[in-house]
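Asks: This is the structure, below, for whatever I ask next.
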Amino acid sequence: MGFLIGVACVSLLVWGWLLLGQGMFWRTDVRLPPRAAPARWPSVAIVVPARDEADVLPVSLGSLLAQDYPGEAEIVLVDDGSTDGTGALALRMAAEQPGLPLTVLSPGDPAPGWTGKLWALRHGIAHARASREPEFLLLTDADIAHEPDSLRELVAAATSARLDLVSQMARLRVANLWERLLVPAFVYFFAQLYPFRRVNRAASRTAAAAGGCVLLRTEAAVRAGIPDRIRQAVIDDVSLARAVKRHGGRIWLGLAERVDSVRPYPALGGLWRMVSRSAYAQLRHSPALLAGTVAGLTLVYLVPPAALLAGLALGRPALAWPGGLAWLLMAGTYLPMLRYYRQSAALAPLLPLTALLYLLMTVDSAVQHYRGRGAAWKGRTYARPSEAAATGEPGPPPAPGSASSEVTGG
């Protein structure tokens, strides 16, 4: 019994440290920094990698075409081997909806050593730079919808604060039971790993971004060798931010107010695949890190309710009170994220259950890796990066505009 009490007390101490010493990760007030309209609005190329996104494109691409941006801007959508008519749909939308000019590229399958998304970004960035060398690149996923002033606000924040990278964690869709249970916790865990305030300090080594919405200064991208230097990264957003910060760039990450993901996850399976495809890559495919993660999640999230319930059942207050207090701290730090997602506070005590599901997803990610399935997404499987690719040496540049079609709206 003494051992169990000790474990419960350690869990409580960990939660005390998380509350006060982990960059205030639980706060949700990190929004776009103070900003003012620049004297001259810089040029921007919006690069959208898309693979089989016809279902969500009418909302997401429609929101980009409708951007109210005072400067010069264009959209480059890179059709990454879609089989559902994504590229053709994008062209029809641009022809029917006046707005920003749109180019659709079809670069073909990724070269060896590249993930599909980064291969698409490489061609989109190369095309934009070849045509007019934009001052900024907005890298945004095909399932992300932007309010009409989103680009204007992002650029104003970057120019006002002299930032090289501005990234917003898009508000993910929360409509059904599984989304309510898992989605706010996904962002909560991400912020726990990469506290936004720590990311945003220039002196801090912590770096991260949210890949759905990244405004990147072109000069910083060139200096950091983006995307060639991170071409095999499965968790490309964090790798991108690390590369930019490592090469002297100033980065900022926060929660979005006017940027939303429109991708639905109607069942647990979709959310499970979203997490498991990259969880083991986050652990650098290390069995030791996997074991440490399982132990850590168990100590931090599963021990508190187990200690409380066991202490009450056995009549051992010395076991119950540290478990109960740790569970209370856990739920309290989760409440701000639930409020941000406009969800009931009644979900806060269920965080241990959610953490258990994420633990199982992480283990499943490792199992799939060792079965040779690696990080699988939309018909592609990415193996562990080779030692040669890890050197970060860029390959030959793509041929800009190969197999492209262009439609200009407005």
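Here, each number is a calculation from the coordinates, and none is a lab measurement. Values in this document were obtained by computation on a predicted structure and should not be read as measured data. No Cβ is skipped: glycine too gets one built from the backbone with ideal geometry, and neighbour counts run over all protein chains shown.
Asks: On full extension of the chain, what length is gained from ARG246 through ARG40, given 0.36 nm per residue of separation minus the C-alpha to C-alpha distance? Please report the intermediate quantities before stating the final value.
Replies: Details: separation 206, 0.36 × 206 = 74.16 nm, distance 2.87 nm.
Net length gain for the segment: 71.3 nm.
Asks: May I pose another question? Please list, in order along the range 300-316, the HN-Hα scalar couplings obtained from phi with the Karplus expression 6.51 cos²θ - 1.76 cosθ + 1.60 (θ = phi - 60°), rounded to whole Hz, x for Gly and Pro.
Replies: Running phi through 6.51 cos²θ - 1.76 cosθ + 1.60 with θ = phi - 60° gives 7, 10, 9, 4, x, x, 5, 5, 4, 5, 5, x, 5, 5, 8, x, 10 Hz.
Asks: Going by amide H atoms built from the backbone, whose H comes under 5 Å of the H on ASN200, apart from near neighbours?
Replies: Those lying under 5 Å, H to H, from ASN200 are LEU253.
Asks: I would also like to ask the following. Quick one: Karplus J couplings for the range 237-252, per residue in order, coefficients 6.51, -1.76, 1.60, θ = phi - 60°, nearest Hz, x for Gly and Pro?
Replies: Once θ is set to phi - 60°, the couplings for the range 237-252 become 5, 5, 4, 4, 4, 4, 5, 5, 5, 5, 9, x, x, 9, 10, 9 Hz.
Asks: Continuing with this model, one more query. From the phi angles alone, apply the Karplus equation (6.51, -1.76, 1.60; θ = phi - 60°) to the range 288-295 and give each ³J(HN,Hα) in whole Hz, x where the residue is Gly or Pro.
Replies: 5, 5, 4, 4, x, 5, 4, 5
Asks: Still on this structure: Go ahead and run the numbers for FRET between ALA88 and LEU314, Cβ-Cβ distance against an R0 of 45 Å, rounding to 0.05. Before the final figure, lay out each step's value.
Replies: Details: r = 65 Å, r/R0 = 1.46.
So, using R0 = 45 Å, E works out to roughly 0.10.
Asks: Something else: Report, to the nearest 10°, how far helix 150-161 tilts away from the longest principal axis of the Cα atoms in the chain, using its own Cα long axis and a range of 0 to 90°.
Replies: 80 degrees
Asks: Would you give the gap between the C-alpha center of the range 290-350 and the C-alpha center of the range 188-234, rounded to a whole Å?
Replies: 31 Å
Asks: Under 5 Å between amide hydrogens, which residues at least 5 positions from VAL47 or on another chain qualify, with H placed 1.01 Å from N in the peptide plane?
Replies: Result for VAL47 returns VAL76, LEU138, LEU139, THR140.
Asks: Based solely on its DSSP helices, what 222 nm [θ] is calculated for the chain when runs of n ≥ 4 H residues each add -39,500 (n - 2.57) and the sum is averaged over all residues, nearest 500 deg cm²/dmol? Spell out each step's value before the answer.
Replies: Numbers: 14 runs with 189 residues, N = 410.
Rounded to the nearest 500, it is -14500 deg cm²/dmol.
Asks: So what's the Cα pair-distance distribution over the range 211-367, bin width 10 Å, in %?
Replies: The calculated distribution, bin by bin, is 9, 24, 33, 23, 8, 2, 0.
Asks: Long-range amide H contacts for GLY212: which residues qualify at under 5 Å (H placed 1.01 Å from N, peptide plane, sequence gap of 5 or more or a different chain)?
Replies: For GLY212, the qualifying residues are ALA170.
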